[in-house]
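Structure first, then comments.
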Amino acid sequence: MEIDREISRIRKNFFETIENIKTAEQLNNIKVVYIGRKGKVSRLLRGLSELPENLRPSVGQQLNILKNEIEAKIKETSLRFATSEETLSIDETLPGRPFFKGVHHPLNIIREKITEIFFSLGFSLVEGPLIEDDWHNFTALNIPEFHPSRDTHDTLYIEGEGHNLLRTHTSPVQIRIMKNNTPPLAVIVPGKCFRKDAIDASHFPVFHQIEGLWVDKDISFADLKGVLIGFISRMFSPNLKTRFRSSYFPFTEPSCELDIGCPICSGSGCSTCGGQGFIEVLGAGMVHPKVFRNAGYTEKYQGFAFGMGIERIALIYYGIADLRDFYNNDLRFLEQFG
Ligand code: PHE
């Protein structure tokens, strides 16, 4: 039948032509030619009414099938163009989106430097609880009940928990270590400490210390000096002056404080060292016999302990005037330490 042949010719032509088109514009043209208002298929559909009535249903059906086939093929082909055009619109030469790269906090950098030096001297790292009891924080360390550091103005007590408190220094870990170990032992203990201090340029209620403890049968004050002078020369500079000043701590005897020549003014006196030419960096001393006893040691041991503030070392190391800068989370400040 003439009309059947016409329909298969249109179908054949369409599928041949569409295989060769290269652009979205050509695709649009082919759409107009076949199924546009005056297109080949549309024209035949309109001519249906002129056909003998008995042929109309089957011819109409064939034409609708063809129209659907053409529409589907055009849609499928247009997807191909859409994706290839989208790909082309990505400019691969543009720089990538910047992303924020974090840096270590200066206090962590300093803690790492300090612990590395003590590791190289044979110390190992231990930690203790932030919530302490009265015994470990004070009594065992030979701090009697009337001692001012027990005053509620310094110590943050925990409500309803007996005599529990937030540790005011890392020294209570000395007791915990000695209770569970037999000498020789050499440990450093970094960690947070808490005191009920008003915030200013050199005080903050949360701060960090590193405790050191070396106990054996024949440890002398010369070992204390050797280790601490070695630490200062590695941490700062081998040429820096050091000065041991006698001092008092209830848990060491004799006790001392270690000063270093001011690295800002090299000892001539400036505002950082208050015109002294020296800055205090840590407290230390030979472990008090009562502390050994409280830790349960019956044999005779000797040892030294020291404690330093990480913030203090960081302020000196970087030449920073105000400790609050460490906690303000101002990225302009923190990013400088990458
Ligand atoms: N715990 C003391 C402080 O917080 C420091 C210290 C530690 C002193 C060990 C001597 C020995 O000030």
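Tell me, how many Å apart are the Cα centres for the stretch 25-43 and for the stretch 291-336?
One Cα centre to the other: 83 Å.
Given a Förster distance of 25 Å, report the FRET efficiency between ARG9 and LEU79 from their Cβ-Cβ distance, rounded to the nearest 0.05.
That pair, ARG9 with LEU79, gives E of 0.40.
If I take every Cα pair under 8 Å that is 6 or more residues apart in the chain, average their sequence separation and divide by the length, what percent do I get for the relative contact order? Spell out each step's value before the answer.
On the way: 487 pairs, mean separation 51.1, N = 338.
Computed value for the chain: 15 percent relative contact order.
Determine ³J(HN,Hα), in whole Hz, for all residues of the stretch 18-23 in sequence, where each value follows from phi through the Karplus function 6.51 cos²θ - 1.76 cosθ + 1.60 and θ = phi - 60°; x replaces Gly and Pro.
5, 5, 9, 6, 10, 10
Which loop-located chymotrypsin sites (Phe, Trp or Tyr not before Pro) does the stretch 251-338 contain, where loop means any DSSP state but H, G, I, E or B and the Cβ has at most 14 other Cβ atoms within 10 Å? Could you put the intermediate results ahead of the total?
On the way: sites: PHE251, PHE278, PHE292, TYR297, TYR301, PHE304, PHE306, TYR317, TYR318, PHE326, TYR327, PHE333, PHE337; in loops: PHE251, TYR297, TYR301, TYR327.
Counting only loop positions with at most 14 other Cβ atoms within 10 Å, the chymotrypsin sites (Phe, Trp or Tyr not before Pro) in the stretch 251-338 are TYR327.
For ARG176, what is the net charge nearby, where nearby means another residue's Cβ is under 15 Å from its Cβ and Lys, Arg count +1, Asp, Glu -1?
Working: positive: ARG167, LYS179; negative: GLU127, GLU132, ASP133, ASP134, GLU211.
Computed value for this residue: -3.
May I ask for the distance between the Cα centers of the stretch 211-278 and the stretch 150-187, given as a whole number of Å?
That distance is 24 Å.
Roll a 1.4 Å probe over the protein heavy atoms and report the accessible area of ARG11 in Å², nearest 10.
70 Å²
Report the number of Lys pairs in the stretch 108-337 whose alpha-carbons are under 26 Å apart, with separation of 8 or more residues or on distinct chains.
Final tally of qualifying lysine pairs is 17.
Are there any trypsin sites (Lys or Arg not before Pro) in the stretch 277-336 that are in a DSSP loop and have at most 13 other Cβ atoms within 10 Å? List them by number.
Listed in order of number, the matching sites are LYS300.
Name the residue farthest towards the positive end of the dipole of the stretch 2-89 from the options ILE21, LEU45, LEU79, assuming +1 on Cβ of Lys and Arg, -1 on Cβ of Asp and Glu, about the Cα centre.
Positive-most Cα among the choices belongs to LEU45.
If you take every residue apart from GLY296 with its C-beta less than 14 Å away from the C-beta of GLY296, what net charge results, scoring Lys and Arg +1 and Asp and Glu -1? List each step's numbers first, then the result.
Numbers: positive: ARG176, LYS179, LYS290, ARG293, LYS300; negative: GLU299.
Value of the local net charge: +4.
If you wrap the stretch 125-274's Cα atoms in a convex hull and average its projection over all directions, what's the area in nm²?
Details: hull surface 42.1 nm².
One quarter of the hull surface, i.e. the mean projection, equals 10.5 nm².
Amide H of GLY285: which non-local residues (sequence gap of 5 or more, or other chain) have their own amide H closer than 5 Å, using H built in the peptide plane?
The list, which skips near neighbours in sequence, is CYS256, ALA305.
Hey, rough spin-label estimate for ALA222 and LYS290, points 7 angstrom out along Cα→Cβ, what's it come to in nanometres?
In this crude label model, ALA222 to LYS290 measures out at 3.0 nm.
Along the positive direction of the dipole of the stretch 284-338 (beta-carbon charges: Lys, Arg +1; Asp, Glu -1; about the Cα centre), which of PRO289, TYR317, PHE304 reaches farthest?
Sorting the options by dipole projection puts first PRO289.
Once label points are set 7 Å from the Cα along Cα→Cβ at both ASP322 and ASP200, what is their separation, rounded to one decimal in nm?
Each label point lies 7 Å from its Cα, and together they span 1.4 nm.
Could you give the C-alpha radius of gyration of the stretch 192-256 expressed as a fraction of 2.2 N^0.38 Å, taking N as the number of residues it contains?
Taking the Cα Rg and dividing by 2.2 N^0.38 Å, one obtains 1.41.
List the lysines whose alpha-carbon lies under 19 Å from that of LYS31, not counting same-chain residues fewer than 8 positions away?
Output for LYS31: LYS12, LYS22, LYS40, LYS67, LYS73, LYS75.
List the residues of the stretch 289-332 whose backbone N lies under 18 Å from a point placed 7 Å from the Cα of LYS101 along the Cα-to-Cβ direction.
Only 331-332 pass the distance filter.
Loop-only trypsin sites (Lys or Arg not before Pro) in the stretch 61-133, please: DSSP not H, G, I, E or B, and at most 13 other Cβ atoms within 10 Å. Before the final figure, lay out the partial values.
Working: sites: LYS67, LYS73, LYS75, ARG80, LYS101, ARG111, LYS113; in loops: LYS101.
Sites meeting the loop and neighbour criteria: LYS101.
For the chain, can you list the cysteines whose C-beta has no other cysteine C-beta under 4.7 Å from it?
For the chain, the answer is CYS193, CYS256, because their Cβ atoms have no other cysteine Cβ under 4.7 Å.
With the chain treated as a Gaussian network of Cα nodes joined by springs under 10 Å, which of SER120, SER89, SER255 yields the largest mean-square fluctuation?
SER89
Name the longest site-free stretch of the chain, where the excluded sites are GluC sites (Glu not before Pro) in a DSSP loop with no more than 14 other beta-carbon atoms within 10 Å.
On the way: sites that count: GLU53, GLU92, GLU127, GLU145, GLU159, GLU161, GLU299.
My reading of the result: 162-298 is the longest stretch.
Looking only at GLY303, GLY39, GLY226, which one moves most when the chain is put into a Gaussian network model with springs between Cα atoms under 10 Å?
Residue with maximal mean-square fluctuation among GLY303, GLY39, GLY226: GLY39.
Rounded to a whole number of µm²/s, how large is the Stokes-Einstein D of the chain at 20 °C and 1.002 mPa s, given Rh as the Kirkwood radius over C-alpha pairs?
Details: Rh = 26.7 Å.
The diffusion coefficient I find is 80 µm²/s.
Using a 1.4 angstrom probe and counting only protein chains, how large is the accessible area of THR93 in Å², to 10?
Counting only protein heavy atoms, THR93 exposes about 120 Å² to solvent.
Mind pulling the angle between the C-alpha long axis of helix 106-120 and the longest principal axis of the chain? Nearest 10 degrees, somewhere in 0 to 90.
Around 60 degrees separate the two axes.
Taking the dipole about the Cα centre of the stretch 108-337, with the C-beta of Lys and Arg at +1 and of Asp and Glu at -1, give me whichever of ILE219, ALA198, HIS136 is farthest to the positive side.
Among ILE219, ALA198, HIS136, the one farthest towards the positive end of the dipole of the stretch 108-337 is ILE219.
About the Cα centre of the stretch 108-337, how large is the charge dipole given +1 on each Lys and Arg Cβ and -1 on each Asp and Glu Cβ? Please answer in debye to the nearest 20.
Working: 21 positive and 27 negative charges, 120 e Å.
In total the dipole reaches around 580 debye.
At 0.36 nm per residue, minus the direct Cα-Cα distance, what do SER266 and ASN54 gain on full extension? Give it in nm, one decimal, please.
Values: separation 212, 0.36 × 212 = 76.32 nm, distance 11.35 nm.
So the extension gain works out to 65.0 nm.
The values are calculated or read from the model by the stated rules, or taken from the named source; none is laboratory data. Quick caveat: nothing in here was measured; it's all calculated off a predicted structure. Quick reminder, even Gly has a Cβ in these numbers, built from the backbone with ideal geometry, and neighbours come from all protein chains shown. To get the accessible areas, we keep the full protein, side chains included, count just its heavy atoms, and leave off ligands, DNA and RNA. Shrake-Rupley method; radii C 1.70, N 1.55, O 1.52, S 1.80 Å.
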